[in-house]
1. Hey, in the GNM for chain B with a 10 angstrom Cα cutoff, which one of B:V59, B:V199, B:V220 fluctuates hardest?
2. Which helices of chain A meet both criteria: a Cα extent of 15 Å or more along the helical axis and a mean Kyte-Doolittle score no lower than -0.5, with helices taken as whole DSSP H segments?
3. Provide an ascending nm list, one decimal, of label-point separations from A:G211 to the equivalent residue in each further copy; define each label point as 7 Å from Cα along Cα→Cβ.
4. If each label sits 7 angstrom from Cα along the C-beta direction, how far apart, in nm, is B:S141 from its counterparts in the other copies?
5. Where the only charges are on Cβ atoms (+1 Lys, Arg; -1 Asp, Glu), what is the dipole of the range B:189-267 about its Cα centre, to the nearest 20 debye?
6. Tell me which residues come under 5 Å, amide H to amide H, from B:L96 once H is placed; ignore anything under 5 positions away on its chain.
7. What is the range A:180-266's relative contact order, in percent, from Cα pairs under 8 angstrom and six or more apart in sequence?
8. How high is the relative contact order of chain B, in percent, with contacts defined as C-alpha pairs under 8 Å that are six or more residues apart?
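Bear in mind that the values in this text are calculations on the coordinates, not laboratory data. Computed from a predicted model, the values in this text were never measured in an experiment. Virtual Cβ from ideal backbone geometry, glycine too; neighbours counted across all protein chains shown.
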2 protein chains.
Amino acid sequence: MPDSEQDFLAAYDPHAYDPVAVTVDVVALTIRDGALHVLLVRRGAPPFEGMWALPGGFVRSVRDAEDLPDAAARELAEETGLSAEGALARVHLEQLATYGGPGRDPRMRVISVAYLAFAPELPDPRAGSDAADAAWVPVGSLGLTEAAAQRPGTTRRLAFDHARILTDGLERARSKLEYTPLATAFCAPEFTIPELRAVYEAVWGEELHAGNFHRKVLSVPGFVEGTGETTERGGRRGGPRARLYRAGDARLLHPALLRPSREEEVR
Amino acid sequence: MPDSEQDFLAAYDPHAYDPVAVTVDVVALTIRDGALHVLLVRRGAPPFEGMWALPGGFVRSVRDAEDLPDAAARELAEETGLSAEGALARVHLEQLATYGGPGRDPRMRVISVAYLAFAPELPDPRAGSDAADAAWVPVGSLGLTEAAAQRPGTTRRLAFDHARILTDGLERARSKLEYTPLATAFCAPEFTIPELRAVYEAVWGEELHAGNFHRKVLSVPGFVEGTGETTERGGRRGGPRARLYRAGDARLLHPALLRPSREEEVR
DNA sequence: CGAATAGTGTCTTTTAGACAGTATAAT
DNA sequence: ATTATACTGTCTAAAAGACACTATTCG
């Protein structure tokens, strides 16, 4: 039987063809105490029982016929306890990539569609249905390197190929902050320029020049818009009150806010 | 039965859970006669029989347990007749996005992982196994607009949600040319700066200033490296012979080659 | 020859970044 | 008072873009 006919039959009778499971996994990032954190769950069942993993689960394809972004939002809501009408509406969610290599799940062929989420500071998560625990974990504590991302198990912390997915998500996040105003998705509805700078510093892992950053943000059309208000108090250790801003209407930053020192990544 | 247990059982007995099919679709782009073309196949079977579609097919998940990029390369090879050792090795292939909304295939739930390919000029394709026809089609002839991409069937030419996938692939291609040296993937192994400029003009749909483009390309480290040779003849309608270049070792362009006039897309 | 094209020179404007300086508020 | 901080001013270097110009080759 030629491939075409086999495929055709398979389409009408899926059980006659290769069994595949489709899941969504979410790389949810937030800033806590000035450091970038990722939402992780501790697996309560094999495989990788007891290890940390990205929150995720199977896509409901028949019962609810949910779309992929809906599935990602649902997984995020289940782990964070957020309601769709509430704080979840302020979370930025975008598709990251799909991971489908054979052998990434020992049980069967699993295709995982990964999503990337940028969230403002959220309460501590509660453990979801099939997780033993859930927590915001500082990204820096995971010992992620390119080598660790490529060889599963090297970090000894993340299940499946989740180190690779997280590494890809972090790079996407760093890049997104260059060309889009999505750093504001990590902030409260009203924020100061120094708070925005702290987001960039946490995601990029680099200190930025406060004065130049300030002027740059204000010079990009549509990045932020002033509220006319200021904070109630000055900085922790002194300084004047900072002006408050809201996210502007730009969807792209032009000119972009490029991160410094990328020489090493070019070749 | 709680979700977790159901999921767990499903993982061990996939037939007990929702049936899903996973396919790969390829947005293969090339430059012909100075215009951007996409590889399309005419469907030889329902649904959408007789309509144009992106080349694609089911992922072999058990028989060969192929990885997703391998599946995309296989689909591309089947439609173009290219061998993996030959010209296919010079084609750039990257994952684009995954499309999995319910109802995008009337037969069943289908998750499509889309890939984006940049190819140098290739021979005309032969019709693959389940296609009635295959051809390089000028992108400009498809009447793609944002409205057409959102409502399937509006262009009256592309099956499924392939207008949306193609639109996303084109935007990705335009963006990739800004930040990476991948325009060279559309060229022969040795090329001239004006040929490279023609790639940019075809993908961006804009004329570029020849002199400034020339200097800019040469000023970006690692973009191109000279061969010391020149073309045998001058331009079609006169002009000196052009120097020949190869792709350099840069993986990112720094500084980037930004396309002009993006004011309208910012908001 | 005339026209088209490859490649370079030069000038202006924009942007990035270094650095300094002033005013404000916490301790 | 001291110190940290928000924000602004200024200068320099890098880059983008407009324009002009020369040299070469085709028809």
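1. Between B:V59, B:V199, B:V220, it is B:V220 that shows the largest mean-square fluctuation.
2. Going by DSSP H runs, the hits are A:68-80, A:193-204.
3. Copy-to-copy label distances at A:G211, shortest first: 3.8 nm.
4. 6.0
5. 200 debye
6. It is B:A114, B:Y115, B:L116, by chain and number.
7. Relative contact order for the range A:180-266 comes out at 34 percent.
8. With pairs under 8 Å counted, the relative contact order is 18 percent.
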